[in-house]
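These notes concern the structure reproduced below.
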Amino acid sequence: MLPTILNLTERFFLILIICLISGLGSFAQNKKRPNVIVFFVDDMGWQDTSVPFWNKTTDFNRRYHTPNMERLAREGMKFTNAYAMPVCTPSRVSMITGVNAAHHRVTHWTSPDQNKNTDFADTTMRSVDWNINGFSPDPGIAHTFHGTPLPAILAQNGYYTVHSGKAHFGSAGTPGSDPRNIGFQVNIAGSEIGHPASYLGKRNFGNAVNGKNNRNAVPGLDKYHGTDVFLSDAITTEALKSLEKPVADKQPFFLYLAHYAVHVPLDADPRFVGKYLRAGLDSTEAKYAALVEGMDKSLGDVLQFLDDRKLAENTVILFMSDNGGLSLAPQRGGKAWTHNLPLKAGKGSVYEGGIREPMLVRWPGVVKPNTTADQYVIIEDFFPTILDLAGIKNPKLIQKIDGQSFLPLLKNPALKDDNRELVFHHPNRWIPAEGPAIHFSSAFRKGNWKLIYDLRKGKLELYDLITDIGEMNDLARINPHKTKVLAALLTKQLKAWDAQRPTFKATGKPVPWPDEVAIPKSK
């Protein structure tokens with residue numbers, strides 16, 4: 001009987017050891033699966049913060065008050081060369097698919113109304129047949145890009161997925177207009193709209209009490225109607241409430257907190273606007289600065305939530321904006337195209353002011369505090385990076401990914417890759433007015449060099465961003481060789497993606513490829 005007893009004892013200890021190992025493995029797995037928060041801001045420029053993203057503190061940095069961004073920068077990593085597309089929907093589709101806008105063909109902002117082209121009519125150019133209905137998780141939807149969305153992959157791999165705020169992935173009536181169709185288990189205030197009718201709870205965020213709602217009324221926040229609650233607070237409060245479930249269930253979560261701020265309309269936030277008026281800003285700029293500070297308060301609320309629940313150590317926060325800061329008059333105070341200086345232009349443009357973004361990442365234990373990465377990254381990089389953070393390898397995808405994971409940069413910000421090529425393609429007319437590279441324009445960056453291509457004029461410009469961050473000194477004539485090299489590389493990539501080109505109304509011919517454009521000889 002002794003051997004039998006010993007065998008039973010051995011079995012007992014064997015099972016105990018297996019359970020312990022299994023438990024430790026499960027614990028280790030959970031530690032490897034951090035919570036992920038994407039804190040996405042609308043229309044926030046590179047200079048719209050008290051955090052300097054340049055090599056010096058500017059007057060704009062001194063104007064704005066964003067203490068929670070400052071905290072995130074101290075505790076994490078600042079990216080000085082982070083890029084998005086010049087307008088919103090292309091960036092949003094790139095983030096959730098990992099595909100460049102020239103490739104997915106959602107090259108402009110999508111209308112809330114299905115099958116409506118938002119391109120303004122041009123006297124000389126005919127609009128391209130772009131994906132005017134945005135992104136679709138389902139195949140066969142006209143004028144959409146069909147792909148496997150990031151939230152769906154995360155949900156399939158055990159993440160609790162929450163969307164709060166601005167969605168703007170697809171037009172009304174298409175599957176992409178509802179965040180729940182792309183993998184979010186919770187949707188708060190997200191729909192096809194691209195900006196709110198109002199930020200004010202007193203105005204029901206644009207929802208009518210009786211009669212017809214404003215087309216851009218924010219849905220799903222009825223409990224705040226008639227109150228003093230500002231929209232930025234409402235979507236934050238509801239987002240954090242929704243996280244109580246996965247926290248209680250010890251389930252990793254993915255929160256996509258996408259602010260409507262700081263997009264127009266510039267409704268005054270009474271908590272903050274007074275200080276900016278007293279500082280001497282005009283009423284328009286004071287309202288804008290108050291929107292920025294209200295957004296930053298939301299970030300502070302998120303950080304406090306993580307601290308209170310002891311979640312900070314295992315949560316990655318990625319802060320990003322979808323395009324450059326708006327710099328049009330009269331929507332902004334002062335002179336147009338000056339609100340992102342030293343960067344040139346603003347939202348809508350492929351110059352730096354329209355595409356370079358404030359980006360911060362905090363991940364305790366992985367990202368060293370108070371570090372800076374100067375390597376350039378782009379919006380489609382978020383897709384593979386977040387999959388890497390979540391430990392998801394080789395997911396089944398419909399689309400081919402263009403983005404690259406910046407996880408190595410998070411571990412070593414000194415990494416440098418001057419051979420990487422970034423493409424910005426906007427073959428659309430944004431607004432009725434003219435402006436610097438805001439219509440029918442492409443751009444290409446490799447290393448310190450940047451090429452601008454004006455499709456309508458058939459003109460190439462060349463800039464060295466290290467010595468000329470403001471893109472004031474066009475070197476195309478002085479350095480025709482580098483101009484030709486970059487034009488050829490841009491052409492190669494655009495052709496590989498079958499990128500769309502507008503046509504001339506007079507001839508019906510498409511605009512030339514960049515490498516077909518003649519470079520004027522130096523005088």
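In deg cm²/dmol, rounded to 500, what helix-only [θ] at 222 nm does the chain give when every DSSP H run of at least 4 residues adds -39500 (n - 2.57) and the total is split over its residues?
-8500 deg cm²/dmol
Towards the positive end of the charge dipole of the chain, with charges on Cβ (+1 Lys, Arg; -1 Asp, Glu), say which of 171, 483, 280 has the farthest Cα. Toward the positive end, the furthest listed residue is 483.
When the solvent-accessible surface of protein heavy atoms is calculated with a 1.4 angstrom probe, in what order do 240, 277 fall, highest first?
Values: 240 25, 277 85 Å².
Correct descending sequence by accessible area is 277, 240.
Projecting the Cα atoms of 149, 204, 112 onto the charge dipole of region 73-214, computed from C-beta unit charges around the Cα centre, puts 204 farthest toward the positive end.
Averaged per residue, what accessible surface does the chain expose to a 1.4 Å probe, in Å²?
Working: 21050 Å² over 523 residues.
That works out to 40 Å² for each residue.
The dipole here belongs to the chain: it is taken about the Cα centre, uses +1 on the Cβ of Lys and Arg and -1 on the Cβ of Asp and Glu, and is about 660 debye.
Within region 121-163, the proportion of C-alpha pairs whose separation exceeds 14 Å stands at 62%. Reducing region 369-404 and region 316-345 to their Cα centroids gives an inter-centroid distance of 25 Å. Dipole magnitude for region 283-428: computed about the Cα centre from +1 point charges on Lys and Arg Cβ and -1 point charges on Asp and Glu Cβ, it is near 80 debye. Residues whose amide H lies under 5 Å from that of residue 113, counting only those 5 or more places away or on a different chain, are 172; hydrogens are built 1.01 Å from N in the peptide plane. Between residue 156 and residue 208, what is the label-to-label distance in nm when each label sits 7 Å out along the Cα-to-Cβ direction? Placing both labels 7 Å beyond Cα along the Cβ direction yields 4.3 nm. On the beta carbon distance between residue 516 and residue 412, with R0 = 60 Å, the FRET formula returns roughly 0.90.
Report, in debye and to the nearest 20, how large the dipole of region 184-302 comes out about its Cα centre when Lys and Arg carry +1 and Asp and Glu carry -1 on their Cβ. Before the final figure, lay out each step's value.
On the way: 13 positive and 14 negative charges, 44 e Å.
Computed about the Cα centre, the dipole is about 200 debye.
In region 382-484, Cα pairs under 8 Å separated by at least six residues give a relative contact order of 15 percent.
For the chain, what are the DSSP H helices with axial Cα length of 27 Å or more and mean Kyte-Doolittle hydropathy of at least 0.0?
2-32
Pop out the carbon and sulfur fraction of the accessible area of the chain as a percent, whole number, probe 1.4 Å. Please report the intermediate quantities before stating the final value.
Working: 11480 of 21050 Å².
In the chain, the share of accessible area belonging to carbon and sulfur is 55 percent.
Of the listed residues 397, 318, the order by accessible area with a 1.4 Å probe, largest first, is 397, 318.
When the chain is described by a simple charge dipole with +1 on each Lys and Arg Cβ and -1 on each Asp and Glu Cβ, the residue from 47, 184, 440 located farthest towards its positive end is 440. With a cut-off of 15 Å on the backbone N, the residues of region 506-523 near the modelled label site 7 Å out from residue 126 along Cα-Cβ are 506-512.
The values are calculated or read from the model by the stated rules, or taken from the named source; none is laboratory data. Quantities reported herein were computed from a predicted structural model and do not represent experimental measurements. All Cβ positions, glycine included, derive from the backbone under ideal geometry; neighbour counts span all protein chains shown. Calculation scope for accessible area: heavy atoms of the full protein, side chains included, ligands and nucleic acids excluded. Shrake-Rupley method; radii C 1.70, N 1.55, O 1.52, S 1.80 Å.
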